[in-house]
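Quick notes on the structure that follows.
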Amino acid sequence: MPDVKSAGRIVVLLGAPGVGKGTQGVRLGRELGWAHVSTGDLLRAALRDGTRLGLEARRYMDAGELVPDGVMIDLVREHLAGLEPGRGVVFDGFPRTVQQAEALDRALAPEGRAVGVVALLDAPESVLFKRISGRRSSPGGRVYNVYFDPPRRDGICDETGEPLIHRADDQPDTVRTRLAVYQKATAPLIGHYDAKGILVRVGAEGDIDQVYAALHAAVGGHRAAHAATTGR
Ligand code: AMP
């Protein structure tokens, strides 16, 4: 593994809904031994547990809109506080607005940490639609795709044997809203992180292994270049 561990130990996966942030994030987190923090998964867990946060978030999620920044920032702060200090983190689905990005910087600064690499996963909308409509998730967080990565038994998680879920917000109308919300609220983060010199672009059209290889190389290559210029 290239030397991604040296600076910050924080990777952000950025990209439109359906681009593969969840699948790639789980794998990268596993390989690095870092926490994979998906705010969508945290919200869905809150929803299943029937907490106040879950109930509040539900109407936004079902509509394909973003949950308000204040709610998300509190959720992420609380989650980070529960991790082992200094543990590396792969963020998936957070930050989704410039305000969230700035709040994340403020949350990390007291520990002397910062986002090290932002990997922008990029694929055309036609590919995203197929990925989203074929997506099925297990309650434990493992994500399948009926076209590209099916479970061994139809509708059942290979790892836990639980029934797979077709998310309500993966229905076509909601997907269109989510893609529009991405363009308006989240795409500005591309320029935001590019200006900081920490953005890497990863082609995400290929199959899972190809995209992972590209992500791995981009994250590692960025770290090597950064280390060469900063000595860190
Ligand atoms: P995801 O699983 O990342 O696609 O997230 C599913 C839904 O959860 C989104 O469509 C939003 O409604 C909500 N959500 C997840 N992460 C965020 C975030 N960082 N900011 C606002 N809303 C979020």
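Angle of helix 21-32 to the longest C-alpha principal axis of the chain, folded into 0 to 90 degrees and rounded to 10: 50°.
Could you state, as a whole-number percent, how many of the C-alpha pairs of the chain are farther apart than 33 Å? Across the chain, Cα pairs with separations above 33 Å total 12 percent. Take every DSSP beta bridge whose two residues both sit in the chain; close to 25 percent of them are antiparallel. Take each peptide in 169-176, 199-206, count the other Cβ atoms within 10 Å of every residue, and average; sorted highest first, the result is 199-206, 169-176.
Dividing the mean sequence gap of close Cα pairs (under 8 Å, 6+ apart) by how many residues the chain holds gives a relative contact order of 31 percent.
Given their separation in residues at 0.36 nm each and the Cα-Cα distance between them, ALA168 and VAL146 gain 6.3 nm when the chain is fully extended. With a Förster radius of 22 Å, plug the Cβ-Cβ distance of SER133 and ILE156 into 1/(1 + (r/R0)^6) and report the FRET value to the nearest 0.05. It comes to 0.70.
Only residues of the range 15-59 count here: report those whose backbone N is under 17 Å from the spot 7 Å along Cα→Cβ of ALA213, or say none. 24, 28, by backbone N distance to the label point. If you take all other residues with their beta carbon under 13 Å from the beta carbon of ARG201, and give Lys and Arg +1 and Asp and Glu -1, the sum is -3.
Rounded to the nearest 500, the 222 nm mean residue ellipticity of the chain from helices alone is -14500 deg cm²/dmol, with -39,500 (n - 2.57) taken per DSSP H run of at least 4 residues.
Values in this text are rule-based calculations from the coordinates and carry no lab data. On a predicted model such as this, the values are computed, not experimentally measured, just so you know. Note that we place each Cβ from the backbone using ideal geometry, even for glycine, and neighbour counts take in every protein chain shown.
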